[in-house]
Amino acid sequence: MKNIAELVPQINIVNAVDKPKKQQQKEQVAEVVNKLFSQLRAACPAMFHTLNHNDENAIKRQWIIGFIENGINPAMINAGMRIARQQSNPFMPSVGQFIGWCEKGLTEQYGLPTAECLTKAVIEFGKYKGFDDFCDYDYGSDANYWLINDLHRIMQDENLGIEKLQLRAEKMIAEMAKKIMKGYVIPTPNKALPKKVEERPLSNEIQLSKLEEIKQKFGFGHVTSS
């Protein structure tokens, strides 16, 4: 079965201002939704047995609006369909549930952590931070490095509890997945400690000079060297 990206090569989700662009956008999304519903008939057969033509068209209109509002494109739909085919429930998902599958499938595709795993990692990171071997902390990936550090900072700044921390994790993961989809390259973190300055013993002249500075600054008596 061809995926959505093959059936509809490109769709531009934009915030169109003029009516012609808005209409073109709706037509593009409508074509994607029609192709998607053909696949959903096979993945979720029970739902379509109870739908008449008018009901199906009404549902499609809601999906078109949902896709436009959330910037859903064919790559994300393909990711969502991978999750849909894993479901044991034969009934069709809501548009909100399917959008959630799109985001989840995309994060899996790019090897990003789940919100639950990221939340646990941030809590563990907080316990580990401050130790001498902190720079050896195993983040697991470059993406995890930025996600964990950013989310840990947010957790401290906003004093987030577990529930709010996980919600913020979901949002950050979804945002990173969308950035990667658009060509964003995750930078490699520089975790090396700064090189220590080589310490050299002070000469007798420098020691005397520093002693004289201390005497003058603090009003000490005459300072002599041994």
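Summary of values
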read-out	value
Surrounding net charge for residue 99, when Lys and Arg each add one and Asp and Glu each subtract one, Cβ distance under 13 Å	-1
Average projection area in nm² (convex hull over Cα atoms of the range 115-181, one quarter of hull surface)	4.5
Inter-site label distance for residue 87 and residue 54 at 7 Å from Cα along Cβ, in nm	2.6
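No value in this document is a laboratory result; all are computed from the given coordinates. Every value quoted in this text rests on a predicted model; they were computed, and no experiment measured them. Please note: Cβ atoms are built from the backbone with ideal geometry, for glycine as well, and neighbour counts cover all protein chains shown.
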